[in-house]
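Take a look at the structure below.
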Amino acid sequence: QVRVVEFGGGLAQPGGSLRLSCAASGTIFSINVMAWYRQAPGKQRELVGISSSTGDTNYADAVKGRFTIARDNAKKTVYLQMSSLRPEDTAVYYCMISPPTTWGQGTQVTVSS
């Protein structure tokens, strides 16, 4: 059984930084996609950024230049470095890997002074 767990959420001040981690475990032969999504209260879940095994990484316009995804394939881990945080970045952040498509339980990020 494949499991995905996120770490590192919390409270940050506007302009501050946070780093999220996501670790996958279980029987996984090769992870192609490792992605971060977020869902703010009352809104739909949206893509933050996505990393493929080819090395391509793409970001939502709202986070370009502020957020960076890095992955460690040997550790089956993906990171989301968030900088210049804004109150509108407040959301539950979810990690997703594929294959098999597996979601984490989410971690809360709150940006507030």
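In table form, for the structure just shown:
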{"read-out": "Relative contact order [Cα under 8 Å, 6+ residues apart], the chain, whole percent", "value": "38 percent"}
{"read-out": "Mean shadow area of the chain, taken as a quarter of the surface of its Cα convex hull (nm²)", "value": "6.5 nm²"}
{"read-out": "Portion, in percent, of the accessible area of the chain that falls on carbon or sulfur, probe 1.4 Å", "value": "49 percent"}
{"read-out": "Highest-MSF residue in the chain out of Gln44, Gln81, Gln13 [GNM, Cα springs under 10 Å]", "value": "Gln44"}
{"read-out": "Positive-end residue of Pro87, Thr54, Ile28, charge dipole of the chain with Cβ unit charges", "value": "Ile28"}
{"read-out": "HN-Hα J in Hz across the range 15-22 - Karplus 6.51, -1.76, 1.60, θ = phi - 60°, x for Gly and Pro", "value": "x, x, 9, 8, 10, 9, 10, 9"}
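The values are calculated or read from the model by the stated rules, or taken from the named source; none is laboratory data. It should be emphasised that the depicted structure is a prediction, and the values quoted were computed from it without experimental measurement. FYI the Cβ positions are ideal-geometry reconstructions off the backbone, even for glycines, and counts take in every protein chain you see. The protein model used for the area step is the full one, side chains on, heavy atoms only, and it has no ligands, DNA or RNA in it. Shrake-Rupley method; radii C 1.70, N 1.55, O 1.52, S 1.80 Å.
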